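Worksheet for the structure shown next.
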Amino acid sequence: MICDAVIRGNFRIAQDTFRMVLECPEIARQAQAGQFVTLPVSYPLDTWRRVFTVYEVNGDQLVIVYRVVGENTKLYSRMRACQKISLAGPFGQPAIIDFTVKRFILVAGGCGLATRTARPSPTTSSAGGSTWAPAHPRGSYKPAA
Ligand SMILES: Cc1cc2nc3c(=O)[nH]c(=O)nc-3n(C[C@H](O)[C@H](O)[C@H](O)COP(=O)(O)OP(=O)(O)OC[C@H]3O[C@@H](n4cnc5c(N)ncnc54)[C@H](O)[C@@H]3O)c2cc1C
C-alpha cells in the first residue's frame, strides 16, 4: 500500500539521528513489530525507495528513527511538520514474540535502530490493528542476574 503521509514531527534525538512521526492511518493500523516501510528518493536516477524499520505505532501514527548518512536522509531531516511524504508499506514478516518465554537474546546489526522498545500487545483491536506498548517502560528494565 502506498499513501501520502503527513509528517507530524521530525526531531533530532541524537547526533545525526532523527525521529519522524508520520500520520497515515491505512499503513499505521496494519503495521506490526518487525516490519518496515519505505520513503521516496530525491534523485531521479536513484530508483530504490529507502527502507526504514517501523519503530513504533501509536494509533494512526507510525514512527521511524533514521540516521542521516546520504542525500535522501539529509533531505528527510530538513522536512517539517505538516509536509506530506509518500509512504509505502508495511512490508516484511512481523516479528512474532512468545511472551511466555522468560529470557530473550536480541541479535542486531546496522546502527541498532530496530524496534527495541516496542512490541505488539497481546490484544488486537477489532479493526485488526495492533496496539503497541513499551516492553520495558523507560528506566524499568532490569537485566537478569
Ligand atoms: C530492512 C532495512 C531496514 C532499515 N531500517 C533503517 C532504519 O530504521 N533507520 C535507518 O536509519 N536506516 C535504515 N535502513 C537503511 C536505509 O534504508 C537507507 O539505506 C539509508 O538510510 C540510506 O540513506 P540515504 O539514502 O540518505 O543514503 P545513500 O545516498 O544511499 O548513501 C549511503 C552511503 O553511501 C555513501 N554514498 C552515497 N553516494 C556515494 C558516492 N557517489 N560515492 C561514495 N559514497 C557514496 C553515503 O555517503 C552514505 O554513507 C534500513 C535498511 C534495510 C535494508
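The values are calculated or read from the model by the stated rules, or taken from the named source; none is laboratory data. Bear in mind that the values here come from a model prediction, so they are computed numbers and not experimental data. Glycine gets a Cβ as well: all are built from the backbone with ideal geometry, and neighbour counts include every protein chain shown.
Every residue, every condition in (1) under 25 Å from Arg8 (Cβ atoms); (2) modelled with pLDDT under 65, yes or no:
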position	(1), (2)
Thr73	yes, no
Ser77	yes, no
Gly92	yes, no
Gly109	no, no
Leu113	yes, yes
Thr117	yes, yes
Ser130	yes, yes
Ala133	yes, yes
Lys142	no, yes
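Of all residues in the stretch 67-84, those satisfying the criterion of being within 14 Å of the ligand (Cβ to nearest atom) and in contact with a strand residue (DSSP E or B) (Cβ under 6 Å, 6 or more places away or on another chain) are Arg67, Asn72, Thr73, Ser77, Met79. Filtering the stretch 46-65 to residues that are within 9 Å of the chain's Cα centre (by Cα) and either without any contact (Cβ under 8 Å) to a residue 12 or more places away in the chain or within 7 Å of the ligand (Cβ to nearest atom) (or both) leaves Phe52, Thr53, Tyr55, Ile64, Val65.
Residue pairs whose Cβ atoms lie under 8 Å apart, sitting 6 or more positions apart in sequence or on different chains, and linking a residue in the stretch 1-14 that is farther than 18 Å from Phe91 by Cβ and without any contact (Cβ under 8 Å) to a residue 24 or more places away in the chain to a partner that is among the charged types (D, E, K, R) and assigned to a strand (DSSP E or B), are Phe11/Arg19. The set of residues in the stretch 28-45 being farther than 16 Å from Val65 by Cα and more than 15 Å from the ligand (Cβ to nearest atom) consists of Arg29, Gln30.
Do you know which residues across the stretch 4-17 are at pLDDT 95 or above and either among the hydrophobic types (A, V, I, L, M, F, W, C) or touching a Cys at 6+ places or on another chain (Cβ under 7 Å) (or both)? Those that are at pLDDT 95 or above and either among the hydrophobic types (A, V, I, L, M, F, W, C) or touching a Cys at 6+ places or on another chain (Cβ under 7 Å) (or both): Ala5, Val6, Ile7, Phe11.
Quick grid of which residues meet (1) among the small types (Gly, Ala, Ser); (2) farther than 21 Å from Glu23 by Cβ; (3) surrounded by 20 or more Cβ atoms within 10 Å (Cβ to Cβ); (4) at pLDDT 95 or above:
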site	(1), (2), (3), (4)
Pro44	no, yes, no, no
Trp48	no, yes, no, no
Val57	no, no, yes, no
Val68	no, yes, no, yes
Gln83	no, no, no, yes
Ser86	yes, no, no, yes
